[in-house]
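Structure first, then comments.
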Amino acid sequence: MTLPAVRSLLLAACFGLCTSCAGPGIGKFKDTVVADVPVSPDSGVRVTYLGVNGYLLQSSDATVLVDPFFSRPPLRNYLVGEVTPNKSRIDWAMRNFPATVDLILVTHGHIDHLLDVPIIAQRTGARIVASPTSCNLVKSLKQVPDWQLVPILTQPNPTLASHETRQFDSVTVQALYTEHDRLCGAEIMPGRKTEPPETPPRRARDWVAGEPLAFIITMGGKRIFVSSGMVQALQQREVTPVDLAITGVALPDPRRSLAETVKILKPKYVLPSHQDNFFIPAEKGFRFSAQSNFPEVKRNLPGWEPGKNLILLDYFRPWTLY
Ligand SMILES: [Zn+2]
């Protein structure tokens, strides 16, 4: 094993050991949790939280998934042995889905974002919009035909907004350059794949981050920003404002930059994401990970009102963005 691989494994173990402690349930912040009657909106977007950084977004004419992940293997599988999709957990979660899905957007190649995507794309016929590395990892599995894969890539640009825009019928997707959160200053399972690997990914560390992306999704007359963590917000000035900012706050770095992120994105609503313990099955309910710190998130957003414009969603309880 190479030195970077050993370092990645140690970081994953460190992150996993901290994260696997089950924190209090979401009920502790019940005043911040929003939900409504689960009907398809005539206008706006129905937002359903799927756990980790996963979302189901439904408008009257489109259905989009972001980072759907339900297998949620225990910590030991991240460190040793193989990780494979857990089909019974995927079946359980997909009972909440419509039969067809238009798009699956993937922020990066780690297993908590990409592992379940090929099976869900197979079953729903959705096209996968993801970085070249994520598309090459999926290709190597030979489960999804090429026409369902839409590689999209942005490049860092220190002075201008850096984004690539694609139109998919009524849905516009802007992919934005970003970076993955660091842990103790180090990258977590980095790596890129310029070609599909000859051997499909088997261990957690084979699912490398690739080129991390954030997205602005325009559908149902709304603009929704999604990032799994770090936001290079200064580069996003030209694409703001947005209606809803879903932004990952699993680790300290994105929490520290949250106020600046929100200031630049100018959202009507902020939805802090990726705060749950994903080493336990979703059936057990939302538990905060030990690395999360929602009180700090609230402190960093003075003036944002919990339950009104600073919101939390519980698993599979939809809320409509009007
Ligand atoms: Zn990641």
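Structure notes:
- Residue, farthest from the chain's Cα centre (by Cα), within the range 191-208, restricted to residues that are open to solvent by less than 60 Å² (accessible area, probe 1.4 Å) and under 24 Å from residue 74 (Cβ atoms): 200
- Of the helices (runs of 4 or more DSSP H) lying entirely inside the range 219-312, those containing at least 2 residues that are within 16 Å of the ligand (Cβ to nearest atom) are 252-256.
- Note on the range 64-80: residues that are surrounded by fewer than 22 Cβ atoms within 10 Å (Cβ to Cβ) and within 25 Å of residue 167 (Cα to Cα) amount to 0.
- Given (1) modelled with pLDDT of 95 or more; (2) under 25 Å from residue 298 (Cα atoms); (3) in a helix (DSSP H, G or I), number of the condition residue 27 does not satisfy: (1)
- Given (1) at pLDDT 95 or above; (2) within 16 Å of the ligand (Cβ to nearest atom), number of the condition residue 210 does not satisfy: (1)
- Some residue of the range 87-96 being loosely packed, with under 12 Cβ neighbours inside 10 Å and assigned to a loop (DSSP other than H, G, I, E, B): yes
- Whenever a residue of the range 162-176 is without any contact (Cβ under 8 Å) to a residue 40 or more places away in the chain, its partners that are assigned to a loop (DSSP other than H, G, I, E, B), lying with C-beta atoms within less than 9 angstrom and at least six residues away or across chains, give the pairs 164/152; 164/153; 164/154; 166/152.
- Annotation note: Cβ proximity below 8 Å between a residue of the range 217-242 that is over 10 Å from residue 176 (Cβ atoms) and modelled with pLDDT under 90 and a residue that is within 16 Å of the ligand (Cβ to nearest atom) and of a type in the set (S, T, N, Q) (sequence gap 6+ or interchain) occurs for 229/178; 229/247; 230/178.
- Yes/no for residue 256 being modelled with pLDDT under 95 and open to solvent by 50 Å² or more (accessible area, probe 1.4 Å): yes
- Of all the criteria given as (1) open to solvent by 20 Å² or more (accessible area, probe 1.4 Å); (2) assigned to a loop (DSSP other than H, G, I, E, B); (3) at pLDDT 85 or above, the one not satisfied by residue 39 is (3).
- Flag if residue 55 is part of a strand (DSSP E or B), aromatic (Phe, Trp, Tyr), closer than 16 Å to residue 114 by Cα and at pLDDT 95 or above: yes
- Selection within the range 177-187 - surrounded by fewer than 19 Cβ atoms within 10 Å (Cβ to Cβ), in contact (Cβ under 8 Å) with a residue 60 or more places away in the chain and in a loop (DSSP other than H, G, I, E, B): 184
- Residue 173 vs. criteria away from the ligand (no atom under 16 Å from the Cβ), open to solvent by less than 20 Å² (accessible area, probe 1.4 Å) and part of a strand (DSSP E or B): yes
- Matching residues, the range 120-137, being more than 16 Å from the ligand (Cβ to nearest atom) and part of a helix (DSSP H, G or I): 120, 121, 122, 123, 124, 132, 135, 136
- From the list 117, 83, 144, the lone residue that is within 16 Å of the ligand (Cβ to nearest atom), more than 17 Å from the chain's Cα centre (by Cα), among the hydrophobic types (A, V, I, L, M, F, W, C) and open to solvent by less than 40 Å² (accessible area, probe 1.4 Å) is 83.
The values are calculated or read from the model by the stated rules, or taken from the named source; none is laboratory data. As the structure is a computational prediction, the values presented were derived from the model and not from experiment. Cβ sites come from the backbone with ideal geometry, for glycine too, and all protein chains shown count toward neighbours. Remember, those area values only see protein heavy atoms, side chains included, never the ligands or the DNA or RNA. Shrake-Rupley method; radii C 1.70, N 1.55, O 1.52, S 1.80 Å.
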